[in-house]
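To start, the structure under review is shown below, and the notes come after it.
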Amino acid sequence: MRTNSRVSDLTFQVQAVDWKGLPAIALKLGQGDSVLICQQGAQVLSWIGRGQERLFLSPRAAHDGKSAIRGGIPVCFPQFNQRGPLVKHGFARISHWLADAARPLGEDGVQISLRLTDSEASRAVWPHAFEAVLTIQLRPGALRVELAVHNRGRQDLSFTAALHGYLRVAQVEQASLHGLEGLSYWDAAAALPDTHVTQAGSVAFGAETDRVYPRAAAALQLQSSGQPWLQLAQDMPWSETVVWNPGPALCATLKDMEADSWQQMLCVEAAAIDAPVVLAADQRWQAAQTFECF
């Protein structure tokens, strides 16, 4: 299915496509910016902003409909990593989400939402009635991804979550992340457990990097050699920022990555993990991460 819509001076295309056997949705603005969203996990697989691909998708990414897809922007919910009894990073990224119709966003953008609700399978491992909605907004040079959670049950609901974005860089050793200076972070890659370090200067990369920072007061800037810089902002309910790159040693052990893939990617994740979010009956939570090209 392919539809073309025009509202005022805004033209966009919406197309249901097949991505390696999985249902996906392609959105494209008249100016050329586009996103590709897989309905498994409501996962953004591609974002072309101002003529360049901004997201990393592993050439070895799984597409069997059961495994997590390595790259793009996976949604970690209702558990981050292995901080709980559920499957790593939760079941949302391996679940099928239903898509609403795309609609215009102001005079220059397009928006689409995808929904996940509790099922017999989800309640077997996480006994809560819920609705999760991922809303993706595309404008020229900008992408906004918002996760919203509604507790539809009668008991409190507790979760951790993240938008696990894989950003594409030309060469990570020539990239730098600015805006986290002076913040104390937890270093999961350190030799000693529970290591906390204060960030001095911009964040540089080369060896394995796995850090949890408190959310910075202002937007971050990612600079990569030969590329326009990228600004990243996250709403206040995302209380942490996770920065991850596997480095050469760990990357070589990952079956769904090429041995040198660590050089082309960097994860800068909006997260709510140190203190789980607790929603009372019928309560809602929402938070977005925004990416903008400069």
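The values are calculated or read from the model by the stated rules, or taken from the named source; none is laboratory data. Computed from a predicted model, the values in this text were never measured in an experiment. Neighbour counts are summed over all protein chains in view; Cβ atoms, including those assigned to glycine, are modelled from backbone coordinates with ideal geometry. Just so you know, the surface numbers come from the protein's heavy atoms only, side chains and all, with ligands and any DNA or RNA stripped out. Shrake-Rupley method; radii C 1.70, N 1.55, O 1.52, S 1.80 Å.
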ask   = Looking at the range 186-194, is at least one residue touching a strand residue (DSSP E or B) at 6+ places or on another chain (Cβ under 7 Å), closer than 22 Å to residue 289 by Cβ, modelled with pLDDT of 95 or more and open to solvent by 70 Å² or more (accessible area, probe 1.4 Å)?
value = yes
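Those residues that are part of a strand (DSSP E or B) and farther than 16 Å from residue 176 by Cα, I need them from the range 205-232; list them, please. Walk me through how you get there before you give the answer.
Our first condition is that a residue be part of a strand (DSSP E or B); within the range 205-232, this holds for 209-214, 220-224, 230-232.
Once the filter is applied, which keeps residues that are part of a strand (DSSP E or B) and farther than 16 Å from residue 176 by Cα, the range 205-232 yields 212, 214.
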ask   = (1) in a loop (DSSP other than H, G, I, E, B); (2) in contact with a strand residue (DSSP E or B) (Cβ under 9 Å, 6 or more places away or on another chain); (3) at pLDDT 95 or above: which one isn't true of residue 159, the others all being true?
value = (1)
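Checking the condition modelled with pLDDT of 95 or more, within 14 Å of the chain's Cα centre (by Cα) and basic (Lys, Arg), which residue from 70, 115, 60 passes? Working first, answer last.
On the way: 115 fails: within 14 Å of the chain's Cα centre (by Cα); 60 fails: within 14 Å of the chain's Cα centre (by Cα).
Every option except 70 fails the conditions.
Considering the range 16-35 alone, what residues qualify as being out of contact with any Phe, Trp or Tyr (no Cβ under 7 Å at 6 or more places or on another chain), among the aliphatic types (A, V, I, L, M) and either farther than 19 Å from residue 116 by Cβ or outside any strand (DSSP E or B) (or both)? Steps first, answer last, please.
Step one: filter the range 16-35 for residues out of contact with any Phe, Trp or Tyr (no Cβ under 7 Å at 6 or more places or on another chain), giving 16-26, 31-34.
Then keep just the ones that are among the aliphatic types (A, V, I, L, M); that gives 16-17, 22, 24-26.
The answer is 17, 26.
Given the condition at pLDDT 95 or above, closer than 18 Å to residue 83 by Cα, part of a strand (DSSP E or B) and open to solvent by 40 Å² or more (accessible area, probe 1.4 Å), answer yes or no: does some residue in the range 277-289 qualify? Spell out the reasoning first.
Kept after step one, since they are at pLDDT 95 or above, are these residues of the range 277-289: 277-289.
Next cut, closer than 18 Å to residue 83 by Cα only: 277-278.
Next, from what is left, pick out any that are part of a strand (DSSP E or B): 277-278.
If we keep only those that are open to solvent by 40 Å² or more (accessible area, probe 1.4 Å) too, we end up with 278.
Among the residues of the range 277-289, at least one is at pLDDT 95 or above, closer than 18 Å to residue 83 by Cα, part of a strand (DSSP E or B) and open to solvent by 40 Å² or more (accessible area, probe 1.4 Å), which makes the answer yes.
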request  = Working only within the range 39-67, note down all residues that are touching a residue at least 60 places away in the same chain (Cβ under 8 Å), open to solvent by 30 Å² or more (accessible area, probe 1.4 Å) and part of a strand (DSSP E or B).
outcome  = 52, 53, 57
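Looking only at residues in the range 59-103 that are hydrophobic (A, V, I, L, M, F, W, C) and in contact with a Cys (Cβ under 8 Å, 6 or more places away or on another chain), which one is farthest from residue 118 (Cα to Cα)? Write out each step before concluding.
First pass over the range 59-103, keeping only residues hydrophobic (A, V, I, L, M, F, W, C): 61-62, 68-69, 73, 75-77, 80, 86-87, 91-92, 94, 97-99, 101-102.
Of the ones still in play, those that are also in contact with a Cys (Cβ under 8 Å, 6 or more places away or on another chain) are 69, 92.
Numbers: 69: 21, 92: 10 Å.
My answer is 69.
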key: Residues satisfying the stated conditions in the range 106-116, i.e. buried (at least 18 other Cβ atoms within 10 Å of the Cβ) and either part of a loop (DSSP other than H, G, I, E, B) or of a type in the set (A, V, I, L, M) (or both)   = 108, 110, 112, 114, 116
